[in-house]
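The values are calculated or read from the model by the stated rules, or taken from the named source; none is laboratory data. Being a predicted model, the structure only gives us computed values, none of them experimental. Here the Cβ positions follow ideal geometry from the backbone for every residue, glycine too, while neighbour counts run over all protein chains shown.
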Amino acid sequence: MSHDREILRMIWEGQIPICFQADSEEIVGLQQPENFYLMVSRLSYLPLVTDKVKKYFSRYISHEQQDGNIWFDYNGIPLKLHYPIGVIYDQLHPDDDGVPWNLTIHFSKFPDDVLVRISTRELLESHFMSCLKEADVLKHRGQIISSMQKKEHNQLWQGLSNDKFDQFWAINRRLMEPSGDQETFKCIPIRFYSEDDVYNQKLISPLNKSGQKKTLGEMMVELSSPLRKIVEIRTHGISVHDEVNLQWLSEHLSYPDNFLHLFLIYESNSSLPLLS
């Protein structure tokens, strides 16, 4: 199946301006460092894009702190290092306000109770490949990723980590095509988020009861309840039209981990469970 390359390129080139500031309690001496500004890819991960930030602030901290695990917070909220940057931003900025995004970098007191330690790029790569394999199981029963060679797995990771669109999509296109003579995936890999910081997954078929490609609006009806109606779905900082079919959405607006990361906006702000 052919892809709309312009849309894929636009999603790939999405960026967020970030202002990094130091934790004043970690600074050695009286001089407070100036903030560090950086444009980062929505599709990447904080551990992949913050080497320059760490190097800049490391001059202002003790040698002991330089060996610690780096982490970040936004308004006191620790940021998940294994989430794509765009997912974190959209979860904390549902109305796309606050530019640049002001983050604090930390070199000590890692919050193990709320964050997963991603101390090396190898650990992040392992997490990323696990997500790819899970998505491929949902779409192709795991047949595509398992048939690839190690060098092709490496090319996917290197394409993402080095921000190389052509390198990544030369391999990823195989994961974004239905198997055999099928027109859809077996299931659509989706991770759902809500305004009250709830995350969930649910098996979603790309077809409706009539055997036609399911639209986003049909899925919204399926996931809604009489007490909690979904009125809007967003991803990549944009509101998605409810007439778009899920197959097309998965092929074009998935993150590099091959999952759709969708934010559900409800008519009510009730704190009922995300999905039944």
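In summary, residue 161 fulfils each of the numbered conditions (1) at pLDDT 95 or above; (2) among the hydroxyl-bearing types (Ser, Thr, Tyr); (3) under 24 Å from residue 141 (Cα atoms) with the single exception of condition (3). Among all positions in segment 35-57, there is no residue which is more than 18 Å from residue 86 (Cβ to Cβ) and modelled with pLDDT under 90. For first residues located in segment 221-243 and under 17 Å from residue 259 (Cβ atoms), partners that are of a type in the set (Lys, Arg) and surrounded by 12 or more Cβ atoms within 10 Å (Cβ to Cβ) and lie 6+ apart or on another chain with Cβ distances below 8 Å form the pairs 223/202; 236/42; 237/42; 240/234.
Scoring residue 7 on the criteria (1) at pLDDT 90 or above; (2) in the same structural domain as residue 81 (by TED's automatic domain parsing) leaves a single failure, condition (2). I'd like the residue in segment 175-201 that is of a type outside the set (Val, Ile, Thr), modelled with pLDDT under 90 and farther than 30 Å from residue 149 by Cβ and, out of all such residues, is farthest from the chain's Cα centre (by Cα). Selected residue: 196.
Report yes if residue 114 is within 22 Å of residue 48 (Cβ to Cβ), at pLDDT below 95, of a type outside the set (Ser, Thr, Tyr) and exposed (fewer than 15 other Cβ atoms within 10 Å of the Cβ), otherwise no. Answer is yes for this residue. Counting the residues of segment 13-41 that are over 17 Å from residue 102 (Cβ atoms) and within 27 Å of the chain's Cα centre (by Cα) gives 3. Take residue 156 and tell me if it is under 30 Å from residue 66 (Cβ atoms), within 17 Å of the chain's Cα centre (by Cα) and not assigned by TED's automatic domain parsing to the domain that holds residue 38. Criteria not met by residue 156.
What number of residues within segment 1-57 are touching a residue at least 60 places away in the same chain (Cβ under 8 Å), out of contact with any helix residue (DSSP H, G or I) (no Cβ under 8 Å at 6 or more places or on another chain) and hydroxyl-bearing (Ser, Thr, Tyr)? Here the count works out to 1. I'd like to check something: does segment 173-191 contain any residue that is without any contact (Cβ under 8 Å) to a residue 40 or more places away in the chain, loosely packed, with under 14 Cβ neighbours inside 10 Å, in a loop (DSSP other than H, G, I, E, B) and charged (D, E, K, R)? Scanning segment 173-191 turns up at least one residue that is without any contact (Cβ under 8 Å) to a residue 40 or more places away in the chain, loosely packed, with under 14 Cβ neighbours inside 10 Å, in a loop (DSSP other than H, G, I, E, B) and charged (D, E, K, R).
Only one of the listed residues (276, 270, 205) is at negative phi, in contact with a Lys or Arg (Cβ under 7 Å, 6 or more places away or on another chain), modelled with pLDDT under 90 and in a loop (DSSP other than H, G, I, E, B). That residue is 270.
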